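Here the structure comes first, spelled out in structure tokens, and everything after it is commentary.
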Amino acid sequence: MPPANETNLSSNYARPTWAEIDTDALASNFQFVRKLVGDDVQIMCIVKADAYGHGAVVCARRLEREGAAWFGVACPEEAFELRAAGIVKPILSLGGFWRGQEAALLSQRVTPVIYRLDMAESFNRAARAIGMVADVHVEIDTGINRSGVRFEDAREFAEKLRAFKHLRVDGLMTHCASADDPTQNDFTREQIKLYDQSLNIFRAHDHTPTYKDLANSPATFAHPNARGNLVRPGGILYGLWRDILQPQDVVPKLHPVMSVRSRIALLKTIHKGESAGYGRTFVAERDTKIATLPIGYHDGIPRALSNRGRVIIRGRFAPIIGRVSMDLTLIDVTDVFDVALDDVVTFIGADGDLQITAETLAHEADTISYEITCGIGTRVPRKSLESEV
Ligand SMILES: *Cc1c(COP(=O)(O)O)cnc(C)c1O
């Protein structure tokens, strides 16, 4: 039973804008990946960035129950939040750590990715101080040229790591730059090849990594030989796939996890020729019934949707009109029969037979679905829906 926390108590009296987190959909997506990769491959659920905006604690709790082997976060702070919430499975800090975080990582059993020798040195020192041998994962940069040890430096890195007697290389990983793009499959194959060579180099230097991982969501689907013995999906767990998987991989068995809704706070009719919103970018071509919604770009509705996007209300689409502003958005409800104050308005999610996905919204705003769900603001309470507790 979730504790009746402050959010629950106050939610009846809150601004009527919220995000629903369907943890059953999350579980179903996880089980789908589980079946896809088979029993020989474990799953590290990526819950960085507050689980892509869905709420890391709620999602990790459910995924832990479903059988997640690992959790992946961006930085130690995110790992500590999960530990404080009672998550016990191994956690990998994909971005490593920053000066001074070594002891906390060790005491909270958080494994860092390392990609610089000075990280190895300071982590080794912290482990020695408490008399333990600490696990690390090493990231090899096979072409994304972002984080990781450059492939050409892998041999020297593997060699020098041997000096650190209080470290053990528990995992060797790399990250694909364009696994979502079939026109770049040759590049991805080259990354996989360089990774395999790195693994041989590390083994030749007496490192025996337990985990071999290369695959984010698109690689998990499109490049089965990138699965190693651990995959690192993020987006697909949240049902975000229409802008990262290719049509041939299309997997309608993935369900969106987040819905974003608000309610009509005010209805008014403006006359033909009047404008609405900042900049007067919408001008009524007929007498127009306008609904004001208490949700804006701080809540994560991209300003790029001004005069472009649409919402679902009473089972039909209604257009966003005028500029999306920080706290308010306007829609045209002239054609919505029986529209009333307090009506629920769906920005992301399903209502009746209609659906707006984060991918659709992202497309209209010229971005990707990940940025949309990550961008749902902190002012928007997450309400988790779950069939069983
Ligand atoms: C974010 C991230 C992932 C997950 O990527 P998705 O596309 O969401 O599956 C995996 N590995 C690393 C290193 C990442 O930074």
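Of the residues making up segment 294-309, none is assigned to a strand (DSSP E or B), on the phi < 0 side of the Ramachandran plot, β-branched (Val, Ile, Thr) and surrounded by 19 or more Cβ atoms within 10 Å (Cβ to Cβ).
Of Thr183, Thr188, all but one fail to be surrounded by 15 or more Cβ atoms within 10 Å (Cβ to Cβ) and either free of Cβ contacts under 8 Å to residues at least 60 places away in the same chain or among the polar types (S, T, N, Q) (or both); the exception is Thr188.
Taking into account only those residues within segment 10-28 that are assigned to a strand (DSSP E or B) and touching a Lys or Arg at 6+ places or on another chain (Cβ under 9 Å), which is farthest from the ligand (Cβ to nearest atom)? Top of the filtered list is Thr17. Taken together, Gly171, Gly239 contain a single residue that is in contact (Cβ under 8 Å) with a residue 60 or more places away in the chain, in contact with a Pro (Cβ under 6 Å, 6 or more places away or on another chain) and under 30 Å from Arg314 (Cα atoms), which is Gly239.
Taking segment 346-384 as the range and being of a type in the set (Asp, Glu) and assigned to a helix (DSSP H, G or I) as the test, the residues that pass are Glu359, Glu364, Glu371. Given the options Gly349, Gly309, name the one that is within 23 Å of the chain's Cα centre (by Cα) and farther than 22 Å from Gly55 by Cα. Only one candidate qualifies: Gly309.
Just to check your reading of the model, which residue among Ile295, Ile290, Ile301 is in contact (Cβ under 8 Å) with a residue 40 or more places away in the chain, among the β-branched types (Val, Ile, Thr) and either in contact with a Gly (Cβ under 8 Å, 6 or more places away or on another chain) or farther than 22 Å from Ala340 by Cβ (or both)? Sole residue among the options that is in contact (Cβ under 8 Å) with a residue 40 or more places away in the chain, among the β-branched types (Val, Ile, Thr) and either in contact with a Gly (Cβ under 8 Å, 6 or more places away or on another chain) or farther than 22 Å from Ala340 by Cβ (or both): Ile301.
For segment 235-244, give me each residue that is at pLDDT below 95 and within 8 Å of the ligand (Cβ to nearest atom). The one that is at pLDDT below 95 and within 8 Å of the ligand (Cβ to nearest atom): Ile244. Scanning segment 208-234 for residues that are near the ligand (Cβ under 10 Å from one of its atoms) and in contact with a strand residue (DSSP E or B) (Cβ under 7 Å, 6 or more places away or on another chain) yields Asp213, Leu214, Ala215, Thr220, Val231, Arg232, Pro233, Gly234.
Scanning segment 121-144 for residues being away from the ligand (no atom under 16 Å from the Cβ), hydrophobic (A, V, I, L, M, F, W, C) and surrounded by fewer than 22 Cβ atoms within 10 Å (Cβ to Cβ) gives a total of 6. When we screen Arg310, Arg303 for residues that are more than 16 Å from the ligand (Cβ to nearest atom) and more than 29 Å from Ile46 (Cβ to Cβ), the only hit is Arg310. For segment 304-363, the tally of residues that are closer than 25 Å to Gly235 by Cα and among the basic types (Lys, Arg) stands at 1. Could you identify the single residue in Gly86, Gly67, Gly53, Gly72 that is within 16 Å of the ligand (Cβ to nearest atom), at pLDDT 95 or above and at positive phi? Every option except Gly53 fails the conditions. Restricting attention to segment 333-389, the residues being of a type in the set (Gly, Ala, Ser) and either within 16 Å of the ligand (Cβ to nearest atom) or in contact with a Phe, Trp or Tyr (Cβ under 6 Å, 6 or more places away or on another chain) (or both) number 4.
Quick grid of which residues meet (1) crowded, with 22+ Cβ neighbours inside 10 Å; (2) free of Cβ contacts under 8 Å to residues at least 12 places away in the same chain; (3) over 21 Å from the mean Cα position of the chain (by Cα):
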residue: Lys212; (1), (2), (3): no, no, yes
residue: Ala215; (1), (2), (3): yes, no, no
residue: Gly228; (1), (2), (3): yes, no, yes
residue: Pro233; (1), (2), (3): yes, no, no
residue: Leu245; (1), (2), (3): no, no, no
residue: His255; (1), (2), (3): no, no, no
residue: Leu267; (1), (2), (3): no, no, yes
residue: Tyr278; (1), (2), (3): no, no, yes
residue: Val283; (1), (2), (3): no, yes, yes
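The values are calculated or read from the model by the stated rules, or taken from the named source; none is laboratory data. Being a predicted model, the structure only gives us computed values, none of them experimental. Because the Cβ atoms are built from the backbone with ideal geometry, glycine has one as well, and the counts that use them run over all protein chains shown.
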